[in-house]
């Protein structure tokens, strides 16, 4: 199995970003073997809800690791929900460590944390830019946050380039 960590905005996403994310999930499903991939999300709200719903609709396996504060909400029955009993920040570490690659689809502080955690853990990071959200600023830090060069951060501005990068990173299933 190949695990794709999804770092995404928890607020109300702009309509254009919703369409880009649906397009990403659809194209990803054509590029990789659906029996060999799992999307890992940190919740089921905001842009993460779009990712989870679209993935489940296409038959992609989904794991949700919510923070303890939101473990009790209703999640889709087809998703695997891991109630780890951890806070927002700690569940992000679990999400990243579970993943083979982390894909940031636009977000704010939590998405930044997941990008930096992935970098520190040596996990490849692919960031969708031009989202209009704070993580667009990652372009100024890519490809390396510091001189350790723990991992490469790839900043892309289009869905096709994002899909191609993820598929190449995971060996096309």
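The values are calculated or read from the model by the stated rules, or taken from the named source; none is laboratory data. Keep in mind it's a predicted model, so treat the numbers as computed, not measured. As a convention, Cβ positions derive from the backbone with ideal geometry for all residues, glycine included, and neighbour counts pool all protein chains shown.
Comparison of 43, 5 shows that the only residue that is surrounded by 15 or more Cβ atoms within 10 Å (Cβ to Cβ), at pLDDT 95 or above and more than 19 Å from residue 155 (Cα to Cα) is 43.
For every residue, the table says whether it meets (1) part of a loop (DSSP other than H, G, I, E, B); (2) farther than 20 Å from residue 129 by Cα.
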residue	(1), (2)
9	yes, no
16	no, no
25	no, no
30	no, yes
47	no, no
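Filtered by the rule that a residue be at positive phi and surrounded by fewer than 18 Cβ atoms within 10 Å (Cβ to Cβ), the stretch 106-152 gives 122, 130, 132, 149. Here residue 49 meets each of (1) over 12 Å from the mean Cα position of the chain (by Cα); (2) without any contact (Cβ under 8 Å) to a residue 12 or more places away in the chain; (3) within 28 Å of residue 168 (Cβ to Cβ) with one exception, condition (1). Among the residues of this structure, residue 89 counts as one that is more than 14 Å from the chain's Cα centre (by Cα), modelled with pLDDT of 95 or more, closer than 14 Å to residue 7 by Cβ and surrounded by fewer than 17 Cβ atoms within 10 Å (Cβ to Cβ). Put simply, of 19, 26 the only residue that is surrounded by fewer than 18 Cβ atoms within 10 Å (Cβ to Cβ), out of contact with any helix residue (DSSP H, G or I) (no Cβ under 8 Å at 6 or more places or on another chain) and within 29 Å of residue 171 (Cβ to Cβ) is 19.
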